[in-house]
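> Structure below; questions to follow.
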Amino acid sequence: MLIAVDGPAAAGKGTLTRKLAEHFDLARLDTGLIYRAVSLKALELGDPSDEKIAVAAAEGLSFSDLDLAGLRDEAAGNAASKVAAIPAVRDILLIFQRNFAANPPNGKKGAVLDGRDIGTVVCPEAPYKLFIDASAEVRADRRYKELQERGDEAIRSAILRDIIDRDERDRSRTVAPLEPAKDAKVLDTSDLDADAVFAAALNFISLQD
Ligand code: CDP
């Protein structure tokens, strides 16, 4: 089984894919963490928007980097969307992601991946594709709440601005821009809670079989 979940920042992909992974006993890969890790490693080496530096960081990536401290900070998310616009970086990370989908770790029989281009580029053959969306306002509220619950300092207006900037970068880049695959189920979750999104996803998956 292979499930592709895409969507813009803070749309609730992580919550949904955790539930799907548990329900279907799948390996789960949050591909945003990979771009976040590359951006942090690139920052250590110098300017992350310098292609040579970003490529070196991507080439040196290992699974243990997905536990780096600070990976979930908003700054890492913003830096990630800059390295993610570099085609050579995406090419290197594509291999890592496809390998995960084809050979799910820990003896799992399938995988669920979330990101921006899973249904369009990484796993276009996935039989189940979901595109999770919500208004920028709702997404900013969700991220604000998430950061507060974690005890991080957060300013809602700054989060909203960052989300809008990041969406714009992700949608307008030339390689693998953020967009729903033609055969993806688009779910506007602005008025849905996490359980309702999960129920809608399960319903869509059952209809494909
Ligand atoms: O958690 P959040 O939705 O805020 O972001 P993320 O999924 O961790 O992704 C961080 C950034 O990585 C995104 O803004 C994208 O620019 C980039 N990304 C990508 O280009 N392709 C993916 N498959 C996943 C993330």
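> When you scan the range 20-138 for helices (runs of 4 or more DSSP H) that lie fully inside it, which ones turn up with 2 or more residues that are at negative phi and more than 15 Å from the ligand (Cβ to nearest atom)?
Qualifying helices (runs of 4 or more DSSP H): 31-45, 51-59.
> Test of understanding: among Ala126, Ala196, which residue is under 29 Å from Leu26 (Cα atoms) and without any contact (Cβ under 8 Å) to a residue 24 or more places away in the chain?
From the options Ala126, Ala196, the qualifying one is Ala196.
> To continue, here is another question. Starting from residues that are of a type in the set (Asp, Glu) and buried (at least 20 other Cβ atoms within 10 Å of the Cβ), keep the ones in the range 110-132 and report whichever is farthest from Ser172 (Cα to Cα).
The extreme case among them is Asp114.
> Oh, and also: Looking only at the range 139-155, count every residue that is assigned to a loop (DSSP other than H, G, I, E, B) and surrounded by 13 or more Cβ atoms within 10 Å (Cβ to Cβ) and tell me the total.
Final tally of qualifying residues: 1.
> (1) under 18 Å from Val5 (Cβ atoms); (2) acidic (Asp, Glu); (3) open to solvent by less than 70 Å² (accessible area, probe 1.4 Å); (4) not in a strand (DSSP E or B): which one isn't true of Asp162, the others all being true?
(1)
> Next up: Just for the range 149-189: of the residues that are of a type in the set (S, T, N, Q) and farther than 21 Å from Asp133 by Cβ, which one is nearest to the chain's Cα centre (by Cα)?
Thr174
> While we're on this one: Mind listing whichever residues of the range 76-112 are polar (S, T, N, Q) and either in contact with a Lys or Arg (Cβ under 9 Å, 6 or more places away or on another chain) or under 13 Å from Arg166 (Cβ atoms) (or both)?
Asn78, Ser81
> Among the residues of the range 173-193, is any assigned to a helix (DSSP H, G or I) and on the phi < 0 side of the Ramachandran plot?
No: the range 173-193 contains no residue that is assigned to a helix (DSSP H, G or I) and on the phi < 0 side of the Ramachandran plot.
> Just one of (1) near the ligand (Cβ under 8 Å from one of its atoms); (2) at pLDDT below 95; (3) crowded, with 24+ Cβ neighbours inside 10 Å trips up Lys13, so point out which.
Against the list (1) near the ligand (Cβ under 8 Å from one of its atoms); (2) at pLDDT below 95; (3) crowded, with 24+ Cβ neighbours inside 10 Å, Lys13 comes up short only on (2).
The values are calculated or read from the model by the stated rules, or taken from the named source; none is laboratory data. Quick caveat: nothing in here was measured; it's all calculated off a predicted structure. All Cβ positions, glycine included, derive from the backbone under ideal geometry; neighbour counts span all protein chains shown. SASA here: full protein model, heavy atoms, side chains in, ligands and nucleic acids out. Shrake-Rupley method; radii C 1.70, N 1.55, O 1.52, S 1.80 Å.
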